[in-house]
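Data first, discussion second: the structure below is written as structure tokens.
The values are calculated or read from the model by the stated rules, or taken from the named source; none is laboratory data. Predicted model, so just to flag it, every value in this text is computed and none were measured. Quick reminder, even Gly has a Cβ in these numbers, built from the backbone with ideal geometry, and neighbours come from all protein chains shown.
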Amino acid sequence: MSAVHFTDVEPCDSGLFRKACYTCPILGDRDPLLLDRQIQQKGIGSGDPMRAVAVFSEDASREPTASDAPTRCWEASEGMPVLKEFELQLTVDQVLRAQGADPAAIRSRSQRLVEVAGQALDEGLPLLQPQVLYRELDVKALRHQRIYLSDGTYLEGGLVVQHLAPARQVVAILCTVGDTLERYASEVMASAMVKALALEGVGSAAVEALANRVCSDLEKGAASRGLQCTVPLSPGMVDWSVEEGQPQIFRLLDPTQVGVFLTASYVMIPRKSLTMLLGIGPEVLKQGSTCDYCSMRETCHYRERHG
């Protein structure tokens, strides 16, 4: 039986946020993540499960009955701050690089592509909706190659254990720039493919810049307490596959707060989103750079310049 989640509710007295979860028989075995996405698209407000049942019953094979009334249960989850006030400063070179191109080479060969990237940047910047969701958890134990956290969950994977074992806290982070730019790029694709690809580059450059900004702020905050941070660890790095890592991070966060969803094939929607973990502690060592653990480190043309 599928569940419908409403998370935009009042915080508890304890400072925790309550998550309302409703199970509705008429929804059948639909994927809860997909349901959450559809609920957002249909504009169903938080805490309105009866309307959800009414809307989705239109697609059901039978009429709703009294037994379809949603059953509510409450669970408390630690507060997860959402940061929104970001002014991202991007350059044309960052846009070109996000498309996999060498800016210097492009400038010497095709000024037209540089102009298109500049146009995409001008049009794309106002469409960005940068948001960061994060949650800091204490590390409780390391057992059997698993890092156990204060909420009862655990992290595993060779890369994660290697870097986070000495950490006192772990910060789970999700960065996104929303789907407005993504939808505009899709609309443009049919008539102006080069421009659409440049717009995609704006989105990729923006979410990377957002992640770098967040990591820098966290590192400064840690340093002010006499602590250090690990390199940011993202699913897809060496020894921590997307299939293994992405569900672990999504279990720690409530990404629906920033409109992000994970598909059955572990793709985040909106696509211009990024997740990562950061370890913090007095004995943490920042071992190398993210480039050292990237799955493309052997073939990347820009490692020496940007690692």
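Restricting attention to segment 152-177, which residues are more than 23 Å from GLU219 (Cα to Cα) and in contact with a Leu (Cβ under 7 Å, 6 or more places away or on another chain)?
Once the filter is applied, which keeps residues that are more than 23 Å from GLU219 (Cα to Cα) and in contact with a Leu (Cβ under 7 Å, 6 or more places away or on another chain), segment 152-177 yields only THR153.
Quick check on my filter: what residues within segment 70-94 are closer than 20 Å to ALA209 by Cβ and modelled with pLDDT under 75?
Residues satisfying the conditions do not exist here.
Of ALA264, ALA223, which residue is hydrophobic (A, V, I, L, M, F, W, C) and outside any loop (DSSP other than H, G, I, E, B)? Write out each step before concluding.
On the way: ALA264 fails: outside any loop (DSSP other than H, G, I, E, B).
On inspection, the qualifying residue turns out to be ALA223.
Under 7 Å by Cβ, and 6 or more places apart or on different chains, what pairs join a residue from segment 131-144 that is farther than 17 Å from LEU277 by Cβ with one that is modelled with pLDDT under 95 and surrounded by 20 or more Cβ atoms within 10 Å (Cβ to Cβ)?
Listed pairs, sorted by first residue: GLN131/VAL258.
Given the condition in a loop (DSSP other than H, G, I, E, B) and in the same structural domain as TYR148 (by TED's automatic domain parsing), answer yes or no: does some residue in segment 196-217 qualify?
no
Is it fair to say VAL238 is touching a Ser or Thr at 6+ places or on another chain (Cβ under 7 Å) and surrounded by fewer than 19 Cβ atoms within 10 Å (Cβ to Cβ)?
Judged against the criteria, VAL238 is a match.
Of all the residues that make up segment 79-93, how many are in a loop (DSSP other than H, G, I, E, B) and among the β-branched types (Val, Ile, Thr)?
Total meeting the criteria: 1.
Tell me which residues, restricted to segment 198-214, are surrounded by 20 or more Cβ atoms within 10 Å (Cβ to Cβ) and not small (Gly, Ala, Ser).
Hits for segment 198-214 are LEU199, GLU200, VAL202, VAL207, LEU210, VAL214.
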